[in-house]
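Derivation of every value follows stated rules applied to the coordinates shown; laboratory data play no part. Keep in mind the model is a prediction, meaning the values are calculated, not measured. Virtual Cβ from ideal backbone geometry, glycine too; neighbours counted across all protein chains shown.
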Amino acid sequence: MARQLDSFCLALGLLAVWPASHAGAVELPVRKAGLWEMKVVQTGSPVPEMTMQQCTDATTDKDMSTSFSPMAKDVCSKNDTQKTATGYVTDSVCGSGGMSVKSRAEITGDFNSAYTVKSTSNSTGAPAGVPRDSTTTIEAKWLGACKADQKPGDIIMPGGMKINLKDMEKLKGLIPKQPPK
């Protein structure tokens, strides 16, 4: 149970800092087309470090805004992105099932070769054993062209499992609807 909730928190955090635009916020640049490696490290959590790869193009990154902005609106009462001198800062408050996650992400680097997202979050309403505070770092780097058997939107998860982001729209209905606190 704790691992599932931690994974949910990580998913909410990733939604909050995904390189896409959000209504009423600064638009983040579109990532360079090709294969991106994303290393995710979360401290204060039993979720292990994971590295995944994503094949993307400009259309897929823009589609992420269209697909996930409605999902973020369903679970996030705040999701603001601002340009800073060194990159971008995103502040969000998201929640579901009686749990609320407040996070702040700092995004540095560029979207052509490498960028880093450092996010701190605090959750409330989580059951005992689920950490209240966590820090997540995403280190993304461009590897080159997508592999021959990949199409934009494909994510290769640890262990080799492949999912496509375009299928994620179907998962929207699985998130319980409850206003964030």
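The table for this structure:
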{"item": "Links that overshoot a 24 Å alpha carbon limit, given the list 83/166; 83/162; 118/151; 118/141", "result": "83/166; 83/162; 118/151"}
{"item": "Counted charge near residue 145, where neighbours are those whose Cβ lies closer than 11 Å (Asp, Glu -1; Lys, Arg +1)", "result": "+1"}
{"item": "Those aspartates and glutamates that a straight Cα-Cα span of less than 19 Å connects to residue 78, excepting residues fewer than 8 apart in one chain", "result": "27, 91, 106, 133"}
{"item": "Separation in nanometres of the label points that stand 7 Å from Cα toward Cβ, at residue 110 and residue 80", "result": "3.0"}
